[in-house]
Amino acid sequence: MHAGADQLDRERLARLLDSERTRFAELHPASRRMFEQAQASLLAGVPMSWMSKWAGGHPVYVDAARGATITDVDGNSYVDLCLGDTGAMAGHSPDPTVAAVQERLGERGGAALMLPTSDAAAVGAELGRRFGLALWSFTLSATDANRFAIRLCRQLTGRSKILVFNWCYHGSVDETLITLEGGRPRAREGNVGPPVDPAVTTRVCEFNDVEALERELAQGDVACVLAEPALTNIGIVLPEEGFHERLRSATRDAGTLLIIDETHTISAGPGGCTAAWGLDPDMVTLGKWLGGGVPVGGYGVGAELAERIEADPNADYVDTGGVGGTLAGNALSLAASRATLDEVLTAEEFAGMTRLCDRFVAGCEAAIAEHGLGWSVAQLGARAEYVFTSPEPRTGADSAAASDPRLEDYLHLRLLNEGVLLTPFHNMALICPATTEADVDRHTAAFGSALAELVGR
Ligand code: PMP
């Protein structure tokens, strides 16, 4: 493995970053004004803390968003490859989802009813068809889907711990905010107010390390493994040949349940990696993309597990037992989800999105090769990510070691100033049904010119 980022002239990088910051300030006076005004009423000047994680020092304020395009309050328009970090995988405000929302909220009326409409069962049936798990329940976020799935696994197995892979991210779930440091489990750096040391609740090992996984499971106290089928929150780390078969057999042998989190990996196709790779989890969790921008999450289980859940006389599932929420499963979220599944994120659209992503990856790889950088590009269907090392990392720790915050800031800001948005977290790009070849080519051109600047050509 050669560390591609080490080839760069650091002083040059610092100069380039400064000049992109100046350009950002010139291009975004109205956004800056709004950000300054917001300091008086919003913690950190943003509605939610992550929104301050943009390389220009403040976020751009949005005027309008449609399909794969965002327009900001200064009149700049962007090819949006961030897509709300998968919350807008369906594109911004797709027509069928907008129509379903208007009908539910406007014409028929009623969003927060604490009563079902027919949309919920239709969404459950469609998710069952896609993911192979028959019975579904809904939440407001993927975080909550994971939290509830973990509780169910603890209840079912009578075991206290969960296992996650190093550098995973599954939302703000207390048990998952853990990493390995020098081989030892530690609260993730910066973890805010953990209720207990996460080593009490969680075992952690490297993705793709089957021996370590089996060693941890052999302790006999792990209720469930919570795993993305490929890590997507520390770059993209793909599973090695045979990893998922071993994960499945090791969890079964240990009496441990397996939860597959498809919140990001839906990019692999209409049924995520579960369908694309023929996985056989006990539970699937998801969120973000399902409602076409309207908040919703959910988890699915097979019929046999559902029977075990329902047969348990000691669990209070219908009141304050810890699984549920007033707005969870609300009529508006499910109307939006039904339309998004049936008419937007369809199998045909995934095929086109993946082809466009192939084009994105080819463009990146050509630019990287042209400028002689030892970087690589990982792809999972309609999602791709460049990483400053080659070959692609095989564990979360390898991928974390290749990160380079300053270089990321430069690339993000340079691309933004050229009218292309990447996710503010690492270098992730997403393709939605509305993304065009011209959008992808705009990124390729901007990325190529950024690399030329970086290497001084
Ligand atoms: N699971 C995965 C794999 C995620 O990447 C995320 C968020 N990035 C979540 C769950 C949590 O999603 P949310 O913050 O929308 O609850």
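The values are calculated or read from the model by the stated rules, or taken from the named source; none is laboratory data. Being a predicted model, the structure only gives us computed values, none of them experimental. Every residue, glycine among them, receives a Cβ derived from its backbone with ideal geometry; neighbour counts consider all protein chains shown. Note: areas computed on protein heavy atoms with side chains; ligands, DNA, RNA excluded. Shrake-Rupley method; radii C 1.70, N 1.55, O 1.52, S 1.80 Å.
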Based on what the data block shows, is TRP50 touching a helix residue (DSSP H, G or I) at 6+ places or on another chain (Cβ under 9 Å), open to solvent by less than 70 Å² (accessible area, probe 1.4 Å) and either within 21 Å of LEU430 (Cβ to Cβ) or of a type in the set (Gly, Ala, Ser) (or both)?
no
Determine which single condition GLY324 fails, assuming it passes every other condition in (1) small (Gly, Ala, Ser); (2) modelled with pLDDT under 95; (3) assigned to a helix (DSSP H, G or I).
(3)
Mind listing just one residue for me: the one in the range 143-159 that is open to solvent by 20 Å² or more (accessible area, probe 1.4 Å) and within 12 Å of the ligand (Cβ to nearest atom) and, of those, farthest from SER333 (Cα to Cα)?
ARG147
With respect to THR346, determine if the residue is open to solvent by less than 10 Å² (accessible area, probe 1.4 Å), more than 21 Å from ASN233 (Cβ to Cβ) and either in contact (Cβ under 8 Å) with a residue 40 or more places away in the chain or aliphatic (A, V, I, L, M) (or both).
no
Can you name the number of the only condition in (1) out of contact with any His (no Cβ under 8 Å at 6 or more places or on another chain); (2) within 15 Å of the ligand (Cβ to nearest atom); (3) open to solvent by less than 40 Å² (accessible area, probe 1.4 Å) that LEU140 fails?
(3)
Please list, ordered by residue number, the strands (runs of 3 or more DSSP E) wholly in the range 251-311 having 1 or more residues that are in contact with a strand residue (DSSP E or B) (Cβ under 8 Å, 6 or more places away or on another chain), small (Gly, Ala, Ser) and modelled with pLDDT of 95 or more.
297-301
Could you tell me which residue of the range 218-235 is nearest to the chain's Cα centre (by Cα), considering only residues that are open to solvent by 10 Å² or more (accessible area, probe 1.4 Å) and either within 13 Å of ASP280 (Cα to Cα) or within 16 Å of the ligand (Cβ to nearest atom) (or both)?
ASN233
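I need the helices (runs of 4 or more DSSP H) fully contained in the range 1-117, keeping only those with at least 2 residues that are among the polar types (S, T, N, Q).
Here the list reads 10-27, 29-38.
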Working only within the range 168-207, note down all residues that are among the β-branched types (Val, Ile, Thr), open to solvent by 60 Å² or more (accessible area, probe 1.4 Å) and under 23 Å from the mean Cα position of the chain (by Cα).
VAL192
